[in-house]
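Report on one structure; see the data block that follows.
Coordinate-derived values only; no laboratory data. Keep in mind that this is a model prediction, so the values were computed, not measured. Neighbour counts run over all protein chains shown; Cβ positions are idealised from the backbone, glycine included.
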Amino acid sequence: MQQNAYAFYSYMVWRTGEDVMSPRRRLLFLDIDGTVVDGTPRENLMEARGLVVGKYGDVNRSYPRGYEAFINGFNDPSLFHLDTNIPEAEQLIQAAVEADATVLFLTARDARHHCGTESDLKQRGLWRDGARLICKPHRELVDKAEFKQQMIAMLSQNDETEDVVLVDNNRKNTALVQERLSFVKTYSACSEARSHIQAWNDADRSDDA
């Protein structure tokens, strides 16, 4: 597992540039689907195409043509424009930037869709200078929750890092991070994380007073 983690890390650095590890005191990790964008229109389209039966999170959810067919269709970059922004996402991102935090989009979308995903985030106004996008290099190689936990652990290994936040609507992802990385504060929605990120700005203003 550790070898897989370092393989992912090497790939991520290659995709995002050497300055990804520039020291920042604060790190904000954001999931994409269901956290900063609402993919319900893509879900509905997949259901209409007969690729999925049941809503996200439904224990009886099934994939009549197999999960691979569903996820390939759902993650088709040509459909990303159908998504809508989660209302609080842009405000949360802007507040983090104003607090001099690094915003890292951490997604299980396949790395082959890295460029399409980054382009979509920019077009919908969620990208900021200095932001980073980390996609999962190989969907079958390791569990999504394991992948996210390992990425957060490695990117937080800096003496100057003082606060790390993960916002992810998938409870399995946040639960594993809480279990293994007690220093990371997790939230299931951007609206829930707002007060935490605002506290960064309040602390900075207090220091400047």
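For the listed peptides 94-102, 118-126, a ranking on the average number of other beta carbons within 10 Å per residue, highest first, reads 94-102, 118-126. The packing ranking, built from the mean of other Cβ atoms within 10 Å per residue, places the peptides 175-182, 34-41, 60-67 in the order 34-41, 175-182, 60-67, highest first.
Using a simple spin-label model with pseudo-atoms 7 Å out from Cα toward Cβ, Glu160 and Ser206 lie 2.3 nm apart. Rg of the Cα atoms in the chain, relative to 2.2 N^0.38 Å, amounts to 1.02. Here's the list of lysines a cross-link from Lys185 could span, going by alpha-carbon distance under 21 Å and ignoring same-chain residues fewer than 8 apart: Lys144, Lys148, Lys172. Our summary of shape: the Cα atoms of region 40-81 have principal axis extents of 28, 18, 15 Å, ordered from largest down, in whole angstrom. Each Lys and Arg contributes +1 and each Asp and Glu -1, all at the Cβ; summed about the Cα centre of region 83-168, the dipole is approximately 500 debye. Out of every Cα-Cα pair in region 132-179, what percent are more than 18 Å apart? In whole percent, the long-distance tail amounts to 32.
Full extension of the chain segment joining Glu88 with Arg65 gains 4.8 nm, where the gain is 0.36 nm per residue of separation less the Cα-Cα distance. Between helix 190-208 and the chain there is an angle of about 20 degrees, using the helix long axis and the longest principal axis of the Cα atoms.
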